[in-house]
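Structure record follows, encoded as structure tokens.
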Amino acid sequence: MERVDGSVRAMPPRLVATAACLALAVAACSSASGSKAAPGSSGPAAKVASPPTTTAAPTTTTRGRRGSGQPVTLAFGGDVHFEGANGARLRANPASVITAIAPTLRAADLAMVNLESAVAVGGTPENKQFVFRAPPTALDALRDAGIDVATEANNHGRDYGAEGLQESLAARDAKQFPVVGIGHNATEAYAPYLATVNGQRLAVFGATQVLDNELAAAWTATDTQGGLASAKDTPRLVAAIQAARPDVDTIVVFLHWGTENVGCPTADQQSLARALADAGADVIVGSHAHRLLGAGRLGSAFVDYGLGNFAFYTSGGIGTITGVLDVTVTGRDVDAYSWVPAVISNGQPIPTSGAAATQAITAWNGLRGCTGLTP
């Protein structure tokens, strides 16, 4: 299974060797084959990871709607942080944080979650009710669980101020773990993560529609300020998608959106989904409501309005209902999608089975009723 990055942006001197490998990825790295390696495996690396890049892989041949013609499986989980029990697990062993559902994530060609935390040990907490922070080993924990890319474009990505953001960016680069939706400036924050999987060229974006009003100006990435990719600036996000569209086969956008504890998409969510689909996005997913919302087709695109909590402290009830969304794409065609149900216990998503799983899948499909999406 071919899994190589498509191109490289400028990197710090300490990453020159890695950058050289990435620049030669197609020639030197694409011979690796086999499934995504489990933690500790001596098999081939799952992929060469890179930070988001602003330059898409060049188009060398005319490609149709289905790209290379080979299907790619994508897996999505919702909100992850490393507070409470998960923080204790992280300190003990990063590989112990997300275990029960890890085989589902590893089985996908590319797995992604929303990292609801600053990746930092320093910084000053913002003046807000909840602030989340985790050390750089959090990225090891995601990789160990079979997760390939995360977004930090959310209402916790800059919880520890400008210093915490800089630490997050440094951790991303040092760990060579792809994190989208944040950057030293807007160009970087709105840039996609690019990867080639099974001959298909993927672009993965992250952006947030949720920012506290009093913090939005300081948190939003601009041409001269580090920060998050804001989906409130819809034209900029649309432009980034349109710029990537000619040179990739599949575009994925992971959003932080919706209203906490509300089980139907807002008008703003629906409007944004339509704008991004019209711009060329093929798979649009997101989280924030701390509960599941409906999913389905919007024209030729696929949309999931709410993935809920994933690896997260929760006191019970509807916030513990979770799972993994599997989507199979062949270029721009969304061939199939399915829900793998789970329940959060002590911070960990635990897959359900038997009659409980059947009921959970039926309930998940029922959430589509208020979305305007089709099965």
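The values are calculated or read from the model by the stated rules, or taken from the named source; none is laboratory data. Quick caveat, the model's predicted, so the values are computed rather than measured. For neighbour counting, all protein chains shown are included, and Cβ atoms are generated from backbone atoms with ideal geometry for every residue, glycine included.
General remarks:
- The one condition from (1) aliphatic (A, V, I, L, M); (2) free of Cβ contacts under 8 Å to residues at least 40 places away in the same chain; (3) in contact with a strand residue (DSSP E or B) (Cβ under 9 Å, 6 or more places away or on another chain) that A267 does not meet is (3).
To keep it simple, each residue is scored yes or no on (1) without any contact (Cβ under 8 Å) to a residue 40 or more places away in the chain; (2) in contact with a Phe, Trp or Tyr (Cβ under 6 Å, 6 or more places away or on another chain); (3) within 22 Å of V252 (Cβ to Cβ).
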{"site": "G319", "(1), (2), (3)": "yes, no, no"}
{"site": "G323", "(1), (2), (3)": "no, yes, yes"}
{"site": "V327", "(1), (2), (3)": "no, yes, yes"}
{"site": "T330", "(1), (2), (3)": "no, no, yes"}
{"site": "A342", "(1), (2), (3)": "no, no, yes"}
{"site": "N346", "(1), (2), (3)": "no, no, no"}
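- Residue tally, condition within 23 Å of the chain's Cα centre (by Cα) and part of a helix (DSSP H, G or I), over region 335-375: 5
- Qualifying residue in region 316-328 (condition: out of contact with any Pro (no Cβ under 6 Å at 6 or more places or on another chain), hydroxyl-bearing (S, T, Y) and closer than 23 Å to R89 by Cβ): yes
- Annotation note: Cβ proximity below 8 Å between a residue of region 207-225 that is closer than 21 Å to L115 by Cβ and a residue that is surrounded by fewer than 22 Cβ atoms within 10 Å (Cβ to Cβ) and of a type in the set (K, R) (sequence gap 6+ or interchain) occurs for Q209/K232; L211/K232; D212/K128; L215/K128; A216/K232; T220/K232.
- Scan of region 202-229 for residues that are in a strand (DSSP E or B) and crowded, with 23+ Cβ neighbours inside 10 Å, ordered by number: L202, A203, V204, F205, G206, A207, T208, G227, L228
- Residues that are over 19 Å from the mean Cα position of the chain (by Cα) and not small (G, A, S) were ranked within region 237-251; the one that is surrounded by the most Cβ atoms within 10 Å (Cβ to Cβ) is D247.
- Top-ranked residue of region 252-282 - restricted to ones that are crowded, with 21+ Cβ neighbours inside 10 Å and over 18 Å from S230 (Cα atoms), ranked as farthest from the chain's Cα centre (by Cα): P265
- Which listed residue is surrounded by fewer than 23 Cβ atoms within 10 Å (Cβ to Cβ) and modelled with pLDDT of 95 or more, from S117, S168, S96: S96
- Filtering region 185-193 for residues that are among the acidic types (D, E), modelled with pLDDT of 95 or more and in contact with a helix residue (DSSP H, G or I) (Cβ under 9 Å, 6 or more places away or on another chain) leaves a non-empty set.
- Any hit, region 297-311, residues being touching a strand residue (DSSP E or B) at 6+ places or on another chain (Cβ under 7 Å), at pLDDT below 95, surrounded by 16 or more Cβ atoms within 10 Å (Cβ to Cβ) and over 30 Å from G199 (Cβ atoms): no
- Members of region 169-201 that are assigned to a loop (DSSP other than H, G, I, E, B), polar (S, T, N, Q) and farther than 27 Å from Q70 by Cβ: N185
- Selection status of S271, out of contact with any Gly (no Cβ under 6 Å at 6 or more places or on another chain), at pLDDT 95 or above and assigned to a helix (DSSP H, G or I): yes
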